[in-house]
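The structure appears below as structure tokens.
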Amino acid sequence: LTGLANLMQDVLWCFSQVKGTIDVGVAEADIISTVEFNHSGELLATGDKGGRVVIFQREQESKNQPHRRGEYNVYSTFQSHEPEFDYLKSLEIEEKINKIRWLPQQNAAYFLLSTNDKTVKLWKVSERDKRPEGYNLKDEDGRLRDPSMITVLRVPVLRPMDLMVEATPRRVFANAHTYHINSISVNSDYETYMSADDLRINLWNFEITNQSFNIVDIKPANMEELTEVITAAEFHPHHCNTFVYSSSKGTIRLCDMRAAALCDRHAKFFEEPEDPSNRSFFSEIISSISDVKFSHSGRFIMTRDYLTIKVWDLNMENRPIETYQVHDYLRSKLCSLYENDCIFDKFECVWNGSDSVIMTGSYNNFFRMFDRNTKRDVTLEASRENSKPRAVLKPRKVCVGGKRRKDEISVDSLDFGKKILHTAWHPAENIIAVAATNNLYIFQDKVN
């Protein structure tokens with residue numbers, strides 16, 4: 001498929017992996033907080049507010065059941081972070097997983113980074129289907145044998161066993177952030193990664209856990225002079241010296257680590273001038289960027305603020321080349337959204353594998369797709385009703401005012417408790433993962 005044109009004609013069907021129900025009594029710990037495909041798309045990891053990481057593996061295509069092509073099933077589940085308490089500051093540190101980032105696969109094992117507010121961990125996920133037998137100094141139960149009873153030398157052998165998937169922490173990167181970590185990004189050199197909090201960005205080497213280099217520090221000498229915070233950061237996909245970070249003021253800074261050890265001076269500054277006629281009490285809040293993503297080609301940057309998605313060309317700093325309205329019908333609802341704190345929700349955005357379509361979430365379990373070539377867009381809903389295998393998603397429309405058509409939903413009846421903040425797109429195929437509260441939906445384009 002080349003883009004969104006086929007998606008517009010009901011070509012999505014769902015074979016969702018559901019992690020629970022979406023009832024009022026949803027456990028807080030089960031709410032999904034991040035979703036991420038690995039580089040091949042064969043694995044999909046989710047993190048939740050309970051500190052757990054669940055990895056789904058794609059099933060191989062079966063000749064007997066071709067319709068099961070690409071179905072994802074649970075591969076491994078492990079507890080990544082536990083709740084902690086900082087006694088020096090009298091602060092509770094949540095176990096919630098803020099971000100997961102995969103490392104490219106180098107051998108049979110998989111490696112991923114996971115982080116909560118303070119600590120980043122490097123996990124190794126590996127398979128074991130054989131066990132050694134025939135020890136000389138131990139019996140089969142693992143107890144040490146009496147050396148005087150050992151009369152013959154045995155050669156240990158490997159025996160087949162049921163497949164076990166083990167997740168082991170290989171590195172723990174802690175004690176480097178005063179504020180909450182909002183982003184981690186693996187560098188294209190695969191030797192370093194960065195972690196960003198509200199005021200600082202640190203550069204880590206994968207082999208060194210007790211030391212990091214501070215590459216951005218926007219903390220003022222007097223905290224009363226603080227005017228903006230860092231909201232997201234990401235490395236360039238191909239140039240290991242380049243990264244971007246976004247701010248709560250709606251600005252994006254491109255930094256080059258070759259220029260200086262501390263990248264307080266940016267190489268490029270992306271900002272769209274505000275239209276004075278649209279100025280309101282909520283302007284600063286809704287202009288805050290919640291996510292920033294490089295395109296796979298590295299030529300473009302995509303940013304998400306509360307109401308829009310913008311695509312920027314790295315060669316043009318004064319305005320975005322594309323602006324897409326995600327849910328402009330909420331502009332008249334900003335006052336009530338401010339009162340119920342929804343205006344502070346942080347929506348993420350993703351590119352498809354060819355950078356031709358972008359996707360982001362909205363309320364009422366809606367998610368939006370925008371085709372950059374045809375300029376067409378579609379609103380789809382992730383719900384239990386259409387989560388049956390091979391169920392076709394039908395485009396949804398929101399009615400702002402006046403007469404409502406049969407297939408439209410009124411803006412006044414939108415459920416703001418159901419929100420899609422986290423989405424992911426398979427790196428090579430039209431397969432998407434959508435996290436709706438404590439449910440994970442996986443959609444794939446229709447197979448004829």
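The values are calculated or read from the model by the stated rules, or taken from the named source; none is laboratory data. Predicted model, so just to flag it, every value in this text is computed and none were measured. Positions of Cβ are generated from backbone atoms using ideal geometry, with glycine treated the same way; all protein chains shown enter the neighbour counts. Ligands, DNA and RNA are stripped out before the accessible areas are found, and what is left, the full protein with its side chains, is counted by its heavy atoms. Shrake-Rupley method; radii C 1.70, N 1.55, O 1.52, S 1.80 Å.
If the requirement is being among the acidic types (Asp, Glu), surrounded by 12 or more Cβ atoms within 10 Å (Cβ to Cβ) and closer than 24 Å to residue 191 by Cα, which of these qualifies: 234, 272, 284?
234
Go through (1) touching a Ser or Thr at 6+ places or on another chain (Cβ under 9 Å); (2) at pLDDT 95 or above; (3) among the aliphatic types (A, V, I, L, M) for residue 357 and report which single condition fails.
Every condition holds for residue 357 apart from (1).
Check off (1) part of a strand (DSSP E or B); (2) free of Cβ contacts under 8 Å to residues at least 60 places away in the same chain; (3) open to solvent by 10 Å² or more (accessible area, probe 1.4 Å); (4) within 22 Å of residue 303 (Cα to Cα) for residue 375 and give me the number that stays unchecked.
(1)
Step by step: first the residues of the range 300-321, then only those that are over 19 Å from the mean Cα position of the chain (by Cα) and without any contact (Cβ under 8 Å) to a residue 24 or more places away in the chain, then the one that is most open to solvent (accessible area, probe 1.4 Å). Which residue is that?
315
Residues to consider are 350, 357; find the one that is in contact (Cβ under 8 Å) with a residue 24 or more places away in the chain and closer than 18 Å to residue 436 by Cβ.
Testing whether each residue is in contact (Cβ under 8 Å) with a residue 24 or more places away in the chain and closer than 18 Å to residue 436 by Cβ leaves just 350.
Considering only the range 275-287, I want to know if a residue exists there that is within 19 Å of the chain's Cα centre (by Cα) and either closer than 22 Å to residue 236 by Cβ or among the small types (Gly, Ala, Ser) (or both).
Within the range 275-287, none of the residues are within 19 Å of the chain's Cα centre (by Cα) and either closer than 22 Å to residue 236 by Cβ or among the small types (Gly, Ala, Ser) (or both).
Go through the range 79-100 and give me each residue that's hydrophobic (A, V, I, L, M, F, W, C) and either at pLDDT 90 or above or at positive phi (or both).
Those that are hydrophobic (A, V, I, L, M, F, W, C) and either at pLDDT 90 or above or at positive phi (or both): 93, 97, 100.
Would you be able to tell me the number of residues in the range 195-230 that are open to solvent by 30 Å² or more (accessible area, probe 1.4 Å) and among the small types (Gly, Ala, Ser)?
The number of residues fulfilling the criteria is 2.
Filter the range 241-256 for residues that are surrounded by 21 or more Cβ atoms within 10 Å (Cβ to Cβ) and either of a type outside the set (Ser, Thr, Tyr) or part of a loop (DSSP other than H, G, I, E, B) (or both) and give the result.
Result: 243, 244, 250, 252, 253, 255.
Which residues, counting only those in the range 68-102, are within 17 Å of residue 165 (Cβ to Cβ), out of contact with any His (no Cβ under 8 Å at 6 or more places or on another chain) and of a type in the set (A, V, I, L, M, F, W, C)?
Within the range 68-102, 74, 78, 100 qualify.
Do you know which of the residues in the range 212-240 that are of a type in the set (S, T, N, Q) and at pLDDT below 95 is nearest to residue 290 (Cα to Cα)?
227
Could you count how many residues in the range 176-187 are modelled with pLDDT under 95, open to solvent by less than 30 Å² (accessible area, probe 1.4 Å) and among the polar types (S, T, N, Q)?
Residues in the range 176-187 being modelled with pLDDT under 95, open to solvent by less than 30 Å² (accessible area, probe 1.4 Å) and among the polar types (S, T, N, Q): 0 in total.
Given the criterion of a type in the set (Gly, Ala, Ser), loosely packed, with under 15 Cβ neighbours inside 10 Å and at pLDDT 70 or above, identify the matching residue among 40, 62, 76.
40
Pairs needed: first member in the range 407-420, assigned to a strand (DSSP E or B); second member anywhere, surrounded by fewer than 18 Cβ atoms within 10 Å (Cβ to Cβ) and of a type in the set (Asp, Glu); C-beta distance under 7 Å; at least 6 residues apart or different chains.
419/345
Of 128, 145, 159, which residue is surrounded by fewer than 15 Cβ atoms within 10 Å (Cβ to Cβ) and under 30 Å from residue 39 (Cα atoms)?
The match here is 128.
Considering the range 105-125 alone, what residues qualify as being open to solvent by less than 30 Å² (accessible area, probe 1.4 Å) and either within 30 Å of residue 199 (Cα to Cα) or part of a loop (DSSP other than H, G, I, E, B) (or both)?
Hits for the range 105-125 are 109, 112, 113, 114, 115, 116, 117, 119, 120, 122, 123.
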